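The block underneath contains the structure these notes are about, expressed in structure tokens.
The values are calculated or read from the model by the stated rules, or taken from the named source; none is laboratory data. Note that the structure is predicted; figures quoted are calculated from it, not measured. Positions of Cβ are generated from backbone atoms using ideal geometry, with glycine treated the same way; all protein chains shown enter the neighbour counts. Note: accessible area is taken over every heavy atom of the protein model, side chains too, but ligands, DNA and RNA are not part of it. Shrake-Rupley method; radii C 1.70, N 1.55, O 1.52, S 1.80 Å.
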Amino acid sequence: MMDIVDIQALLPHRYPFLLVDRVVEIVPGQKLVAFKNVTMNEDFFNGHFPGHPVMPGVLILEALAQATAILAYKSESMDPKSKVTYLMGVDGARFRKPVVPGDRLQLNIEVVRHKGAIWKTKGTATVDGAKVAEGEFLATVVDKDKNKDASGSTADAP
């Protein structure tokens, strides 16, 4: 449904921090299914862990958060040139199994609640049908210019 070019048109992330490779299903306002192909040439494997490469759990959560942002953009038909999605919190994060090079990480996002600019989602990451990580994500969508001061520089995100 969305390839990497489509994803880059929505998300501001770029290599090495873009962690969603393809979106295969979107039901606006309800759910999204996406993939991250995990390869040995990911920068983080240089130090996590040499001789025993494991994808850091926080990056699995980041991939789920990026998938949440894609769902928000596609659900509201927002213009990514004027809007940005910020992660506000993660609750109940759990890691079940290591993710290693060669795995295809499936990112499943379900909307728990959406009111105004606030999105609460449940994210589950799986590899070959086995749950590897999960958590609940709170995100907000704001105007990009909202965090700029009078000089035009951007303040820290909420």
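With respect to A125, is the statement that it is free of Cβ contacts under 8 Å to residues at least 60 places away in the same chain and either at negative phi or assigned to a strand (DSSP E or B) (or both) true?
Taking the combined requirement at face value, the residue does not satisfy it.
Could you check segment 51-81 and list, in sequence order, the residues that are within 17 Å of P98 (Cβ to Cβ) and either open to solvent by less than 10 Å² (accessible area, probe 1.4 Å) or more than 18 Å from the chain's Cα centre (by Cα) (or both)?
Of everything in segment 51-81, those that are within 17 Å of P98 (Cβ to Cβ) and either open to solvent by less than 10 Å² (accessible area, probe 1.4 Å) or more than 18 Å from the chain's Cα centre (by Cα) (or both) turn out to be G51, H52, P53, V54, M55, I60, A63, L64.
Somewhere in segment 33-50, is a residue among the charged types (D, E, K, R) and either buried (at least 16 other Cβ atoms within 10 Å of the Cβ) or free of Cβ contacts under 8 Å to residues at least 12 places away in the same chain (or both)?
Yes; the residues of segment 33-50 include at least one that is among the charged types (D, E, K, R) and either buried (at least 16 other Cβ atoms within 10 Å of the Cβ) or free of Cβ contacts under 8 Å to residues at least 12 places away in the same chain (or both).
Quickly run through segment 1-25 and pick out the residues that are of a type outside the set (D, E, K, R), modelled with pLDDT of 95 or more and more than 14 Å from the chain's Cα centre (by Cα).
Those that are of a type outside the set (D, E, K, R), modelled with pLDDT of 95 or more and more than 14 Å from the chain's Cα centre (by Cα): M2, V5, A9, V24.
Starting from residues that are open to solvent by 40 Å² or more (accessible area, probe 1.4 Å) and within 17 Å of the chain's Cα centre (by Cα), keep the ones in segment 132-157 and report whichever is modelled with the lowest pLDDT.
A157
Determine, yes or no, whether L105 is more than 15 Å from V142 (Cβ to Cβ), modelled with pLDDT of 95 or more and not in a strand (DSSP E or B).
The answer is no for L105.
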